[in-house]
1. Can you figure out the FRET efficiency of Ala74 with Ala18, using R₀ = 41 Å and their beta-carbon distance, to the nearest 0.05?
2. What net charge is computed for the residues neighbouring Arg27, neighbours being all others with C-beta under 15 Å from the C-beta of Arg27, Lys and Arg scored +1, Asp and Glu -1?
3. With labels modelled as points extended 7 Å from the Cα through the Cβ direction, what inter-label distance (nm, one decimal) is found for Ala164 paired with Ala129?
4. Considering the alpha-carbon set of the stretch 70-161 alone, what are its Rg and its Dmax in angstrom?
5. With the calculation restricted to Cα positions, what are the radius of gyration and Dmax of the chain in angstrom?
6. Suppose a student asked you for the relative contact order of the chain, using Cα pairs under 8 Å spaced at least 6 residues apart; what percent would you report?
7. Per the helix-only calculation at 222 nm, which mean residue ellipticity applies to the chain, given -39500 (n - 2.57) for every DSSP H run of n ≥ 4 and division by its residues, nearest 500 deg cm²/dmol?
8. How big is the charge dipole of the chain about its Cα centre, in debye rounded to the nearest 20, if each Lys and Arg gets +1 on its Cβ and each Asp and Glu gets -1 on its Cβ?
Amino acid sequence: MAPHRPAPATPALAVLAAAGVAHRVHRFAGGARDFGATAAARLAERGIAAERIAKTLVIELTGAGPALAVIPVAARLAPKRAAAALGARGAALADPATAGRATGYVPGGISPLGGRRRLPLVVDAALLAQPAILVSAGRRGLDVELDPAELVRLTGATVAPITA
């Protein structure tokens, strides 16, 4: 009989395991607010530079429904740029309830991987300059480090400059 291996902790980690993508999981104490800033602060304590840490935002594309935007944690999304990259007229940040329904994840733990359904995804071009980035693994206080090119490949993401 083969040894029992526990199932990955989240759908995002299951996607990475199934695809055989090299990754590293980082756990940290989450905050009640400003999840991105909390993640950046906790990971900085481990020597991880802020420009390697990404946040996943749910946006509503005008006339096209929800999509995801992955940007550096300290950056601000430029909605018009994100919309243009995904072929839409406009975009706005989704409210937390809509974000949760669209992805199956709680705000502060929204991952670009393993969501309830596959949403259009745009990754900020600046993240591709990093050898590895950290994105949410699908829970608050749980990030996964991986090659940004693998994230793009697995998700079929568009890459474009989408920050202000």
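1. 0.85
2. Surrounding charge for Arg27 is +2.
3. 2.0
4. Computed over the Cα atoms of the stretch 70-161, radius of gyration and Dmax are 12.6, 34 Å.
5. Taking only Cα atoms of the chain, I get Rg and Dmax of 15.1, 56 Å.
6. Relative contact order, the chain: 28 percent.
7. Calculated from helices alone, the mean residue ellipticity at 222 nm is -7000 deg cm²/dmol.
8. The dipole of the chain has a size of about 280 debye.
FYI, it's all coordinate maths here, none of it is from the lab. Here the structure is a predicted model, which means the values were calculated and not measured. Because the Cβ atoms are built from the backbone with ideal geometry, glycine has one as well, and the counts that use them run over all protein chains shown.
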